[in-house]
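The values are calculated or read from the model by the stated rules, or taken from the named source; none is laboratory data. Just so you know, these numbers come straight off a predicted model, no measurement behind them. Cβ placement follows ideal geometry from the backbone for every residue including glycine, while neighbour counts extend to all protein chains displayed.
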Amino acid sequence: MFDFISEELSPPTDQEIDALGLTRNIDEMYGLPKSIKYCKICVISNQRPRITFNKEGICSACLYWEKKENSISWIDREAELRDLCDRFRKSDGSFDVLVPSSGGKDSVYVAHQLKTKYGMHPLTMTWSPNIYTEIGLYNFFAQVHAGLDNILLSPNALVHRRMCRIATIVMGDPFQPFIYGQSYVPLRIAASYGIGLIMDGENGEAEYGGDAASENSKGFDTEDAEKYWLSDFPIEFWSEYGFTSKDLELYRPPTVKEMSSSRIERHFYSYYVNWRPQKHYYYAAENTGFRPNPDGRSQGTYSKYASLDDELDPYHYYFALLKFGLGRATSDAAHEIREGLISREDGVALVSRFDAEPPNERTRAIFLRYTGLDEDQLEESMALWRNPRLWVSKQDGSFQLKTTVS
Amino acid sequence: MTFRIIGRLDVKPPNLVKGIQLEGFRVAGDAKNLANRYYDLGIDELSYQDVVASLYDRSPDFSLIQEIFTGIYIPVTVGGGIRTLNDVDNVMSIGADKICLNSAALERPSLLSEISGSIGQQAVVLAIEAKRKNGSWVAMTHTGRETTEWDVAEWVECAQSYGVGEIVLTSVDNDGSQKGFDLDLINYVSPGCEVPLIAHGGAGSLQDIADAASAGADAVMMASVLHYSKLSISEIKLFLGGLKIETRI
């Protein structure tokens with residue numbers, strides 16, 4: 001599918017090469033604790049940024065999930081959702097809720113439920129993946145064919161590819177440019193269409209472990225998005241790398257003027273309905289034609305049903321593995337343990353088998369072509385972001401995590 | 001030979017689960033209760049499949065299998081995580097009639113002849129997880145989590161040369177959908193299949209079963225359509241009888 005990339009990207013500039021040579025203090029950047037601890041219930045470690053552990057050694061996400069099972073009245077929360085929908089529902093045929101949606105199981109579940117169960121008129125909005133996989137594109141269209149209106153926004157690939165490369169070198173995360181689309185573009189679209197309600201899927205900080213203070217939050221505003229999703233790098237950073245306001249037009253947050261004329265609220269569906277990712281897989285498979293990965297398990301994990309739409313995904317997870325020692329299998333196993341689908345013992349076995357799997361040859365070739373990095377520069381980027389506290393080099397030149405979950 | 005109706009029990013020990021397209025661990029009932037119920041209601045055979053043993057690199061759960069099938073006197077096939085002759089011995093000694101393998105057979109096809117030599121070819125069931133790809137079907141392993149380069153028809157030919165008693169042909173695409181078997185798949189495999197062919201994946205209606213028979217299946221294996229009580233065993237057998245497809249009474 002990726003063979004349509006016809007343009008060879010101009011190689012890294014001197015400024016980017018210089019950035020490759022800088023040392024990074026990953027621990028300081030992310031506030032990582034020096035000694036590694038693993039949750040007693042799931043397989044996540046305290047190296048996930050912002051996650052906290054209680055004195056029994058249980059992570060904040062597991063504690064939150066325990067609360068979800070035992071202390072939250074979902075009947076009351078659903079009543080709140082009905083009230084929210086009643087407040088925003090329109091009867092003149094216009095869209096009344098914007099659902100940022102990749103076409104993946106979670107967002108399709110949210111959009112489909114809002115439409116069929118709560119009588120809303122959703123507009124789904126998709127921010128294009130870096131490069132669509134075949135299955136990603138299939139599932140994207142499946143949502144449309146399931147009866148959902150959609151806008152697909154695709155940034156200028158020549159701009160986006162360069163941003164992706166710079167994000168890899170300077171931030172250690174090829175996905176930051178993608179995340180801008182998730183954070184800011186929904187606000188712009190909601191404002192343009194006069195939609196007062198944006199419904200995101202889950203509050204990642206609460207569901208997967210992050211800032212525990214956000215657990216009871218119904219939603220975020222733009223200031224919070226910058227703190228949680230953009231790792232302290234605001235969009236102004238890009239002008240330093242020669243990106244003009246034309247280049248950044250699709251990414252930028254709304255202006256004060258654009259926001260002032262529209263009252264927009266942004267909520268998490270996971271506040272109102274008990275968030276259970278595998279349940280959403282079944283829902284999407286049974287109701288909207290969603291299909292899992294046709295090639296079996298995704299790279300670096302055992303699962304087939306999550307995060308399927310971007311050829312570059314394996315590098316997003318791999319850089320997280322380099323920085324935090326936590327890969328994709330860890331993420332999948334952690335939430336499946338919390339969802340009661342697998343045991344911790346199962347999770348440990350899966351993590352030890354799949355977590356450290358590097359992206360395969362095909363994905364590597366795509367990533368190099370997409371970003372315009374050469375092999376050496378990619379190696380240097382990975383070396384730059386490999387947390388020396390967590391990794392040790394072996395005699396054959398390869399690297400191994402010093403500690404893994406047990 | 002009668003057309004067999006086989007109940008499939010996917011187990012993630014200790015739970016009976018049911019996925020869609022070989023993904024998902026949603027609990028679908030109690031394995032022992034359902035095994036007993038199907039036995040009482042006239043199912044011809046039962047097939048136990050440990051859906052995580054290969055993935056977790058674990059042995060089958062022998063005590064669980066024994067517990068589930070105590071008091072059940074129809075043929076029982078056990079599969080999932082069977083890798084060695086020792087595994088085969090253990091499974092047969094707790095009372096299984098047939099063993100089923102997939103991942104281990106694709107890794108080393110000669111294992112099929114070793115096992116056939118030990119317990120008899122008729123007791124060796126080859127499971128194939130067939131996934132539509134590029135106009136044909138490829139064989140997958142590890143409950144649809146790893147893919148191979150094997151074209152399914154070619155693998156059938158190869159495996160038969162090593163010795164198999166019957167083949168369970170699972171459609172990964174249709175699994176759990178209740179929208180019908182992959183008839184194109186059955187049509188593709190059936191001509192080259194010299195042993196009984198069991199269609200699996202997608203059963204939703206009585207007509208689906210008849211269609212599978214017309215396409216060349218000698219038996220059908222079903223899970224969700226039975227677990228969720230969409231069809232009953234007696235109505236299936238009555239329906240097939242009406243079409244002059246002979247089943248075990």
Practice task
Please enumerate the residues belonging to the range B:230-242 that are out of contact with any Ser or Thr (no Cβ under 9 Å at 6 or more places or on another chain), over 19 Å from B:N36 (Cβ atoms) and surrounded by 13 or more Cβ atoms within 10 Å (Cβ to Cβ).
Solution key: B:F239
Handout entry: Residue identified as touching a residue at least 24 places away in the same chain (Cβ under 8 Å) and assigned to a loop (DSSP other than H, G, I, E, B) among A:S270, A:S303
Key = A:S303
Practice task
Sort through B:G202, B:G144, B:G165 and tell me the only one that's of a type in the set (G, A, S), in contact with a Lys or Arg (Cβ under 8 Å, 6 or more places away or on another chain), in contact (Cβ under 8 Å) with a residue 40 or more places away in the chain and within 14 Å of another protein chain (Cβ to nearest Cβ).
Solution key: B:G144
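Which residue, of B:Y48, B:Y56, is aromatic (F, W, Y), within 14 Å of chain A (Cβ to nearest Cβ) and under 26 Å from A:A333 (Cβ atoms)?
Details: B:Y48 fails: within 14 Å of chain A (Cβ to nearest Cβ).
Just a single option satisfies the conditions, and that option is B:Y56.
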Practice task
Specify the residue that is nearest to the chain's Cα centre (by Cα); the eligible residues are those in the range A:189-201 that are in a helix (DSSP H, G or I) and surrounded by fewer than 22 Cβ atoms within 10 Å (Cβ to Cβ).
Solution key: A:I189
Practice task
Might you check whether a residue that is under 20 Å from A:I36 (Cβ atoms), more than 17 Å from the chain's Cα centre (by Cα) and not acidic (D, E) occurs anywhere in the range A:296-312?
Solution key: no
Exercise for the section: Might you check whether a residue that is crowded, with 17+ Cβ neighbours inside 10 Å, more than 21 Å from B:V220 (Cα to Cα), at pLDDT 95 or above and more than 14 Å from chain A (Cβ to nearest Cβ) occurs anywhere in the range B:116-128? Expected result: yes
Exercise for the section: Working carefully through the options A:Q377, A:Q299, find the one that is within 14 Å of chain B (Cβ to nearest Cβ) and either at pLDDT below 95 or closer than 22 Å to A:C164 by Cβ (or both). Expected result: A:Q299
Exercise for the section: Scan the range A:302-330 for residues that are buried (at least 24 other Cβ atoms within 10 Å of the Cβ), of a type in the set (D, E, K, R) and away from every other protein chain (no Cβ under 14 Å) and report the count. Expected result: 1
Fill in the blank from the handout: If you go through A:P294, A:P359, A:P388, the only one that is assigned to a loop (DSSP other than H, G, I, E, B), at pLDDT 95 or above and either surrounded by fewer than 16 Cβ atoms within 10 Å (Cβ to Cβ) or of a type in the set (G, A, S) (or both) is A:P388
Fill in the blank from the handout: Restricting the range B:59-73 to residues that are away from every other protein chain (no Cβ under 14 Å) and touching a residue at least 40 places away in the same chain (Cβ under 8 Å), the one farthest from B:H227 (Cα to Cα) turns out to be B:L64
Fill in the blank from the handout: Considering only helices (runs of 4 or more DSSP H) wholly within the range B:1-78, the ones with at least 3 residues that are at pLDDT below 95 are B:53-56
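Residue-wise test of (1) in contact with an Asp or Glu (Cβ under 8 Å, 6 or more places away or on another chain); (2) within 14 Å of chain A (Cβ to nearest Cβ); (3) over 21 Å from B:A219 (Cα atoms).
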position	(1), (2), (3)
B:K131	yes, yes, no
B:S136	yes, yes, yes
B:D151	no, no, yes
B:S171	yes, yes, no
Practice task
Would you check which residues across the range A:349-361 are more than 13 Å from chain B (Cβ to nearest Cβ) and in contact with a helix residue (DSSP H, G or I) (Cβ under 9 Å, 6 or more places away or on another chain) and list them?
Solution key: A:D355, A:A356, A:P358, A:P359
Completion exercise
Output for Cβ contacts, cut-off 8 Å, separation at least six or different chains, first residue in a helix (DSSP H, G or I) in the range B:234-249, second of a type in the set (G, A, S), reads B:S234/B:G42; B:K237/B:G42; B:F239/B:A210; B:L240/B:A210; B:L240/B:A213
Fill in the blank from the handout: Per the list (1) surrounded by fewer than 17 Cβ atoms within 10 Å (Cβ to Cβ); (2) in a helix (DSSP H, G or I); (3) not β-branched (V, I, T), residue check on A:Q377 breaks on (1)
Fill in the blank from the handout: By residue number, the members of the range A:364-383 that are more than 15 Å from A:D18 (Cα to Cα) and among the small types (G, A, S) are A:A365, A:G372
Completion exercise
Here the residues within the range A:127-155 that are farther than 18 Å from A:Y305 by Cα, of a type in the set (S, T, N, Q) and either in contact with a helix residue (DSSP H, G or I) (Cβ under 7 Å, 6 or more places away or on another chain) or without any contact (Cβ under 8 Å) to a residue 24 or more places away in the chain (or both) are A:N130, A:N150
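State whether the residues of the range A:15-37 include one that is under 30 Å from A:E134 (Cα atoms) and assigned to a loop (DSSP other than H, G, I, E, B).
no
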Exercise for the section: Return the residue satisfying two criteria in turn: it lies in the range A:362-374 and is among the charged types (D, E, K, R) and touching a residue at least 24 places away in the same chain (Cβ under 8 Å), and of such residues it is surrounded by the fewest Cβ atoms within 10 Å (Cβ to Cβ). Expected result: A:D374
Handout entry: Evaluation of A:A333 against (1) within 14 Å of chain B (Cβ to nearest Cβ); (2) without any contact (Cβ under 8 Å) to a residue 24 or more places away in the chain (one fails), failing number
Key = (2)
Completion exercise
Filter the range A:236-290 for residues that are within 14 Å of chain B (Cβ to nearest Cβ), of a type outside the set (D, E) and surrounded by fewer than 20 Cβ atoms within 10 Å (Cβ to Cβ); the one that is nearest to A:D310 (Cα to Cα) is A:G289
Practice task
Return the total of residues in the range B:71-92 being crowded, with 22+ Cβ neighbours inside 10 Å and either touching a Ser or Thr at 6+ places or on another chain (Cβ under 6 Å) or of a type in the set (S, T, Y) (or both).
Solution key: 2
Exercise for the section: Would you please name the residue that is nearest to the other protein chains (Cβ to nearest Cβ), looking only at residues in the range B:18-34 that are over 13 Å from B:V225 (Cα atoms) and of a type in the set (A, V, I, L, M, F, W, C)? Expected result: B:F25
Exercise for the section: Go through the residues of the range B:183-190 one by one and say whether even a single one is farther than 28 Å from A:S303 by Cα and of a type outside the set (S, T, N, Q). Expected result: yes
Problem - Residue identified as among the basic types (K, R), under 14 Å from the mean Cα position of the chain (by Cα) and more than 14 Å from chain A (Cβ to nearest Cβ) among B:R37, B:R8 - result: B:R8
